[in-house]
Amino acid sequence: MSNKPARLLQKYDLLLEHLDFEYIRQCTNGREVENIVKVLRSGEEGYFPQLTAFAEERLKSLRPESRLLRKEQPLATKHTLPEEQWREISNNLHDWEYRMKTLTDELRSAQVESDDTTVPRIRGTFDPFAKEGEPEKVPQSKVIKYCDYDKWDKFDADTEMLKIDLDEERHREMVRLNNQKNSEHPKIVELPPEVKLSQQEKQVIAGKLREKGNDYFRAKEFKEAVEEYGKSLDLFPSAACFNNRAMANIKLQRYDQAIADCNQCLAFEPQNVKALLRKAQALTSTDKRSEAYKVYCDVLRIEPTNAVAQTSTSALRRQLPDLPPPNAVRLTIEEVGNDVPEIDFRELIRPKKVIKDKLPDAIKQLKKDTVSLIQQQAQAQTKQEPEEMTLFPKPPPRRTPLIEEL
């Protein structure tokens, strides 16, 4: 067996395909993302700064308390801080030390003058557990005495020199980096002019942004999904994108924005069942149940067998008994004007005079019409020629016999 250490992929039971943006985005296991970050930081499989940063952001959303997200900060020393800041900190420390010493001396002098045994002694440099008569222990110095041969035998001069060299090298490198940062002038980067895209190019880019928003939605990152849908709609508005953003807003409990997106979608496609259902859901969440009931009724007119609309309408009718049935039709009553003029009875009655009945005149006119009609018929008969009377009438026309008769 070889003593070669195993690769981190084998150690953490990972595949090479797991080092991918899509897999990291869909992964919900914080421990697995943590192992992926370790592999990417090790550099065994290559150097991928963007993928490493993306994996760290994903780990931050899943496990914010992970140790891998902790960043070491250098200690504040004289060489790492600006000169003015270091001088201010040193002065504050010296002032505090001087005030503490002055206060300690004042308390000790007051205790000596009082000689009160009930008051506890002022804490100082003495050891409270030391026995009386024993000398105080002096801290040993790191400097080796010239006569301490045992320590000199254990002393490694090369190691100590190496430590000193490394400390000096670190200090020089830190100074060089600070000087380099201070000497660099700020760079002004000019942004390129806006590129004018054709309608087809906008449609393609908007479709890709919408797919990216769908990926965020599947990963339950609804805020990022709304942002991607918004970018897609800025380029090329579409009914599907409005519909998807409405669902993401419902997940974020932004019901007013969801209703507005559903209305935009219905402006493109008035019979979009998904948009109607989501609008009704948002209206129900905002306690506008009567309006939601009307929207569900519209869904049933388009799809009479829609199960969601049927169950929702029955539930709303139980909550609000005054609602009409879903298949009810409101009748509109229109006032139609009468062409026949109304009889004004005031014209029939006059002071001290009653209008004669018109029935006798009508009878007389009917008689005249009847007499004239009879006279016209008599004149028409006289104008016809009279038939000649003979002893031998004309025989009837001969008829050809049928086959059955023969």
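The values are calculated or read from the model by the stated rules, or taken from the named source; none is laboratory data. Just so you know, these numbers come straight off a predicted model, no measurement behind them. Ideal geometry is used to build each Cβ from the backbone, glycine not excepted, and the neighbour counts take in all protein chains shown. Just so you know, the surface numbers come from the protein's heavy atoms only, side chains and all, with ligands and any DNA or RNA stripped out. Shrake-Rupley method; radii C 1.70, N 1.55, O 1.52, S 1.80 Å.
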On the given criteria, is Lys163 open to solvent by 90 Å² or more (accessible area, probe 1.4 Å), outside any helix (DSSP H, G or I) and modelled with pLDDT under 80? no
So in the range 211-233, with the set limited to residues that are farther than 17 Å from Ala258 by Cα and assigned to a helix (DSSP H, G or I), which one is modelled with the highest pLDDT? Glu211
Would you check which residues across the range 267-297 are open to solvent by 30 Å² or more (accessible area, probe 1.4 Å), closer than 22 Å to Ser238 by Cβ and part of a helix (DSSP H, G or I) and list them? Ala267, Phe268, Lys274, Leu277, Arg278, Lys279, Gln281
Just checking, how many residues over the range 211-230 are touching a residue at least 24 places away in the same chain (Cβ under 8 Å) and more than 16 Å from Arg25 (Cβ to Cβ)? 1
For the range 21-37, name all the residues that are under 17 Å from Glu221 (Cβ atoms) and either part of a helix (DSSP H, G or I) or open to solvent by 40 Å² or more (accessible area, probe 1.4 Å) (or both). Phe21, Glu22, Tyr23, Ile24, Arg25, Gln26, Thr28, Asn29, Gly30, Val33
